[in-house]
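Notes follow once the structure below has been shown.
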Amino acid sequence: MRRQRTTLAAYAISGLIALVALPAALAGASADPGVSSSTILLGGTSPLTGPAAQYASVARGAKAYFDSVNAKGGVAKRKIEYEIVDDAYNPAQSIQATRQLVEQEGVFAVFNSLGTDQNLAVRDYLNQRKVPQLFVASGATTWGTDAATYPWTIGFQPSYQAEGLIYGRYVARTMKRAKIGVLFQNDDYGKDLLLGLKRGLAGSGSKVTAAVPYEVTAADVGSQVARLKAAGVNVFAIFATPKFAIQSYVYANRLRWRPAIINNTVSAATNVMLLASEGGNNKAVEGTITLNFLKDPTNPLYRNDPAMKQYRAIMARYAKGANANDVYHVYGMAVAYETVSLLKRVGANATRVRLMAAARSITSPSNPFVLPGIGVKTGKGDGFPIQQVQMQRWRKGKWVPFGGLWASKNY
Amino acid sequence: MVVAAFADFMQQVVSGLASGGVYALLALALVIIHRSTGVINFAQGEMATLSTYVAWALITHHGWRYWPAFVATIAISFLGGVATHRAVIRPVERGSVLRIVIVTIGLLIAINGFVVWEWGGEPQALRSPFGTDTYDIGGVIVSAHDIGTIAVALGIVLILWALFQFTKVGLAIRAAAVNPEEARLVGVRVTWMLALGWGLAATLGAVAGMMTAPTVGLDPQMMQAVLIYAFAAAVLGGIDSPAGAVVGGLLLGVLLNMLSYLTQYRLFDWFSEELRLPMALLVILVVLLVKPSGLFGRPEVKRV
Amino acid sequence: MTPRQTRVIGFVAFAAFVAFVAVLPSFISDFKAQQYAYVGIYLIALLGLNILTGYTGQISLGHGAFMAIGGYTSAILMAGNEQFGGSVGGGLQDVWTIPFAGLVAGLVGLAFGLPALRLSGLYLALATFAIAVALPSTVKRFDEFTGGGSGINLFGIDELTGSLSGEVDILGRTLTYNDWLYYLSWSIALVAFAGAWLILRGRTGRAFRAVRDSETAALSSGVSLARYKTLAFGISAAYAGVAGGLYAIANTFVNPDTFPVALSIFLLIGIVVGGLGGLSGLVFGAIFVYFLPLWAQGQDLGSVLPDRIIEETQRPGGPAIVYGVVLILLMFLIPNGVGGIFRRVGQLIARRRYSRTE
């Protein structure tokens, strides 16, 4: 009896495998560059799973925004389709997924793909094929500075180096002979922030006296924080992603260590800071400095802001189940907004060449999801769309802006 | 100067004991499962993560207080462990080692997927039941949470030890693990005992997860690196020795922190933090090559 | 059926398969050809792992590391490390780096095979797992040599055939880049397949099987455990190295994250699903390794399943649940993999034939 069952199962499985494999083997696709009279197809890779899964909201926020625009008729009579493919933050998968988007799905442009290494891996390929690599979701400097070599690639956010530079200049301006200890992620993101910081400090009496790395795959950074405390620094720069930034605060508090803290933009969303403050019991968060360019959905300052109201409405309608307090959704909407305005400018005659030309000549009056006063602009020699950033300080459970805007071009 | 250095040293020892306590719990879970069913449960970390999310969901979404949620989670995890053994492991137990390995890997992937599917991938907060206070003991700053973790870990280990040593159930489990055929002959329901073993391991994992989350943050990847350290600890102590797992875990936690501490001295400054995990793995390799049965294990004798 | 008849059928089947592989690109889209190129690459790695695990019973959860060694060898031979201030020049054409990739990986495999003798079963699995986990960090540590976390970018360099122009001229014909990858991978895969078959049918293969079935019995019949177990490690590592070199070429890129632990795990899954100890099922194992993650995400399957199900499984985490459950079910239903099914089918046919002659 048992043998019969196994045999049956064996036949069933062979049949199933054949049935599924065959169509997959023979299905073809044409190389249509993603534009029809009724749709525009965009595609991008996103870490839906894996160590960077928390950034999937960048793609989801953009998708929700596109859906809301489509509900109102789309752009130039076309609906925007945005295909998000998981690459689990693995560049090899990004390469394969991007090739699939370009060669099989036939996207018009690769949009909002996340990760520095992930985008570097496909940049040559996309430029060779003249496919736009639009609004790369990463702060590596090269997206803005290498437009001449890679004309089809453009970023969006200020570079990490520029961010580090501003922190350095701020410390140089406000503190004498500060000793700075840095916890940084051991990849381009962390290293760029550190590099910028050092450049910003150059020529002042303050310097980085200890810099300790951690791996993306690390379990926790407790011993790193202990080392920085033992090194006797009075400024602690956290160049880490949210999970490790929260840990840094927790460990600093456990060690009764109260340095002045600089936290980087990637980890400074209000919901992250609230987690770090351990329900108000962790005072290490008080006085933390950071930079920002987006409106934060949990900041009471923007509770009645019309753009934030629109944001919440879009999230409720088109991103059911997602955490609307996650500021990465706002980032996604900001880039989606810019993309829609590019598509509007390009109009009915949508070609990749025209799209990139528009992307390199942005003079956006204002992006509703970006902080007031911060411009979005590109032009000859200026490949970083976001022009300025706002410095903020964490006081009693929220971010309070101070000090005006800092230009965030890479010096 | 020396006092300060000593204080720093003790600091690392204490936090090493706390993280070591977590490794010990998870290593113990691995050992119990291996002793009883001969399986290395690659999904142990994910099961622990799932349990921790259950606790978190009870507290944040359903308003439970911490300790009731803790107890409920332990109960649920126990049942989950038993169910997993009966449903997933038992059908393949008798087969090849490889088949079982693949099944536990399938469990790992599916459970991790479920956690992301149900609760998302962003970090969450599970606050420590011991609060955020710290105590200054002779220059060494110790957090209440670390003390609580060490206490809970040791407490659970003692309870388990008592269970195995002094109760009939414990004796039955040990018998079923060591010699299933003979145990059956004296009336032990072997299959259920093995399932109980899995249930106990799951509860250990749940405690490990709940002790880890307040420090490192709750997210789907939380226990992945811890699992590897737990493997190292289990191998170090002896893969079939519960005492070895506990000692191995504490030892490993302290050892790794020691290396971090010593990097300030020139002799050790090659140890950058990138090498923390590889060092643990080096421990696994060295032990496996020098004395595979670990510190407390007995060498395996092959029967011809 | 006589062994001779089995062998003839085997040859015919193999010839048919070769013909099928040769003409397939004409029937599928250009992009699908690239996907099948990856299937070929995985097949090579699976053939190697199968020799180790299926034939000598040594479990390796770290074969991704051997692929990494092969991949980096290829990349460094092609591009050198001048990109990051090193002094090693590149200059070797991609195709010629592949034998070196296999050689270096094979030597490392041999070196590992010796201490591995002391470990068995789960201990070996743990040790190889440890290596797979430690590899990315170790690669990053030696960044003057390997490019560290950023890796080595191969796109567009002269040594990488066809990447810049998108076309390859060979033997008087012009192939698209994807077809070139396909034929490159599959010609090597078919050679590797034949090679594995030759190794396994001879004395070495018998020795391997003896080691797997009973080490004590093998020892007492004079089979040198040390030699054959180590040899198996070396050969399987060499195969993985070749696959790794091709993988680097196909990706046009190597970095530590392109050889994560998951790769080693997927390779092991591939041989178990494909069928340990046999060769024919491994093709399906390779297809499974490459395509199941895509199918789980609802891609390539859009027309087969209803939308509602696709939506739920496309929620992040859903594909992983599907993958894990499918894996567990496969272990329940086809414990001997696809190869096992083939053998069963073969046995059933043989039995029918015999019962008719009675």
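Throughout, read-outs are computed from the coordinates displayed, never taken from laboratory work. Worth saying up front: this structure is predicted, and the values here are computed from it rather than measured. Reconstructed Cβ throughout: ideal geometry from the backbone, glycine too, with neighbour counts over all protein chains shown.
Sum -39500 (n - 2.57) across every DSSP H segment of at least 4 residues in chain C, then divide by the residue count to get the 222 nm mean residue ellipticity, nearest 500. Provide the component values of the computation, followed by the final result.
Details: 15 runs with 249 residues, N = 358.
Calculated mean residue ellipticity at 222 nm is -23000 deg cm²/dmol.
How much of the DSSP beta bridge set in the range A:27-89 is antiparallel, as a percent to the nearest 5? If you can, show how the numbers build up before the last one.
Values: 2 of 10 bridges.
Here the share of antiparallel DSSP bridges comes out near 20 percent.
In summary, the lysines within cross-link reach of A:Lys77, defined as a Cα separation below 21 angstrom excluding same-chain residues under 8 places away, comprise A:Lys63, A:Lys344. Give the residue from B:Val14, B:Ser36, B:Val54 lying farthest towards the positive end of the charge dipole for the range B:1-154; charges sit on Cβ (+1 for Lys and Arg, -1 for Asp and Glu) and the dipole is referred to the Cα centre. Going by the charge dipole, the pick is B:Ser36. Angle of helix B:97-119 to the longest C-alpha principal axis of chain B, folded into 0 to 90 degrees and rounded to 10: 60°. The rule of thumb for compact globular proteins, 2.2 N^0.38 Å, goes into the C-alpha radius of gyration of the range B:78-185 1.56 times. Taking the longest Cα principal axis of chain B as reference, the axis of helix B:66-84 is set at about 40 degrees. Largest GNM mean-square fluctuation across A:Tyr125, A:Tyr55, A:Tyr311, computed for chain A with C-alpha springs under 10 Å, falls on A:Tyr125.
Which value in deg cm²/dmol, rounded to the nearest 500, describes the helix-derived mean residue ellipticity at 222 nm for chain A, given -39,500 (n - 2.57) per DSSP H run of n ≥ 4 and division by the residue count? Don't skip to the end; give the middle numbers.
Working: 13 runs with 166 residues, N = 411.
Mean residue ellipticity at 222 nm (helix-derived): -12500 deg cm²/dmol.
Projecting the Cα positions of B:Met210, B:Leu108, B:Val82 onto the charge dipole of chain B (unit charges on Cβ atoms of Lys, Arg, Asp and Glu, taken about the Cα centre) puts B:Val82 furthest along the positive direction. Scanning chain A for long hydrophobic helices, with DSSP H runs required to stretch 27 angstrom or more by C-alpha along their axis and to average at least -1.0 on the Kyte-Doolittle scale, returns A:2-26, A:327-346. For the options C:Gln58, C:Gln347, C:Gln93, a Gaussian network treatment of chain C with springs between C-alpha atoms closer than 10 Å singles out C:Gln347 as fluctuating the most.
So what is the calculated 222 nm ellipticity per residue for chain B, using -39500 (n - 2.57) for each DSSP H run with n of 4 or more, over all residues, to the nearest 500 deg cm²/dmol?
Numbers: 12 runs with 216 residues, N = 304.
Roughly -24000 deg cm²/dmol at 222 nm, from the helical runs in chain B.
Counting only DSSP beta bridges with both residues in chain A, the antiparallel share comes to about 35 percent.
Normalised by the number of residues in chain A, the mean separation of alpha-carbon contacts (under 8 Å, six or more apart) gives a relative contact order of 15 percent.
Would you please name the chymotrypsin sites (Phe, Trp or Tyr not before Pro) within the range C:113-191 that are DSSP coil residues with at most 12 other C-beta atoms within 10 Å of their C-beta?
Working: sites: C:Tyr123, C:Phe129, C:Phe142, C:Phe145, C:Phe155, C:Tyr177, C:Trp180, C:Tyr182, C:Tyr183, C:Trp186; in loops: C:Phe142, C:Phe155.
In loop regions of the range C:113-191 (DSSP not H, G, I, E or B), the sparsely surrounded chymotrypsin sites (Phe, Trp or Tyr not before Pro) are C:Phe142.
Once you reduce the range B:36-64 and the range C:1-79 to the center of their Cα atoms, the two points are 39 Å from each other.
In order along the range B:188-201, the phi-based Karplus estimate (6.51 cos²θ - 1.76 cosθ + 1.60, θ = phi - 60°) of 3J(HN,Hα) comes to 7, 7, 4, 4, 5, 5, 5, 4, 4, x, 5, x, 4, 4 Hz; Gly and Pro are listed as x.
So what is the relative contact order for the range B:1-142, in percent, with contacts set as C-alpha pairs under 8 Å and at least six apart? It would help to have the intermediate numbers written out before the result.
Numbers: 76 pairs, mean separation 48.0, N = 142.
Once normalised by length, the contact order is 34 percent.
For chain C, the relative contact order works out to 29 percent when only alpha carbon pairs closer than 8 Å and six or more residues apart are counted.
The range A:172-247 and the range C:134-149 have their alpha-carbon centroids 22 Å apart. The angle between the Cα long axis of helix B:2-37 and the main principal axis of chain B comes to about 10°, on a 0 to 90 degree scale. DSSP bridge analysis restricted to the protein assembly as shown gives an antiparallel fraction near 50%, rounded to the nearest 5.
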